[in-house]
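For reference, the structure discussed in these notes is given below.
The values are calculated or read from the model by the stated rules, or taken from the named source; none is laboratory data. Please read these numbers as outputs of a predicted model, since none were measured by experiment. Heavy atoms of the whole protein, side chains included, go into the accessibility calculation; ligands, DNA and RNA do not. Shrake-Rupley method; radii C 1.70, N 1.55, O 1.52, S 1.80 Å.
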Amino acid sequence: GSGQVTLGDRTVPRVGFGGMKLSGPRFLGPPADREAALAVLRRAVELGVTHVDTSGLYGPHVVNDLIREALHPYAEDLVIVTRVGARRTPEGGFEEALSPDELRRSVEEECEHLGLDALHVANLRMPGLGEPEERSLAEPFEALARLQQEGLVRGLGITHITSRQVAEAQAIAPLACVQFQ
């Protein structure tokens, strides 16, 4: 994963370990070699990685469960950045899940699978394949900001967005992370 991450007065390296490829084909199911996936995660941290990028969409939940098994309890300097705002369909596709209830459920599931009381950084992933859709992110980002105020999320981020959406999000709450992908 990539994108500047700032938590409080701490800046996390832009480039981190992206967990997406640790799941099976099309990001469904377990990896072909589970032990190798666990070893890769442990080795990444041994080599100094302090930024892990993931999502409950991978597997679903397979990668987050691997991260927890390999790295929990987490080192104090490790920041896990995870995406919310979508869900997997039974066929393996992706659908937006941007309502306040869906975002709360997603944050709670991410915490459960990662073994966290609060997500380090929750990146709101806006919909669209290829180019991001130019639409308001106010309602879902405000819902995430409320979850941050409740203590379920430490830092807020956005991903798959346009520059206009960055400005819209910044007017709602401080951004810990912005990913353009």
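For the chain, what does the relative contact order come out to in percent, with C-alpha contacts under 8 Å and a separation of six or more?
20
Can you give me the % of accessible surface on the stretch 41-181 that is carbon or sulfur? Probe 1.4 Å, all protein chains present, nothing else counted.
Here it works out to 49 percent.
Hey, what's the chain come to in accessible area per residue, 1.4 Å probe, Å²?
Heavy-atom SASA per residue in the chain reads 48 Å².
Grab the DSSP H runs of the chain that are 4 residues or longer, score each as -39,500 (n - 2.57), total them, divide by all residues and round the 222 nm result to the nearest 500 deg cm²/dmol.
So the helix-based figure for the chain works out to -10000 deg cm²/dmol.
Please build a GNM for the chain, connecting alpha carbons under 10 Å apart, and tell me which residue among 97, 169, 138 fluctuates the most.
Judging by the Gaussian network model, the answer is 138.
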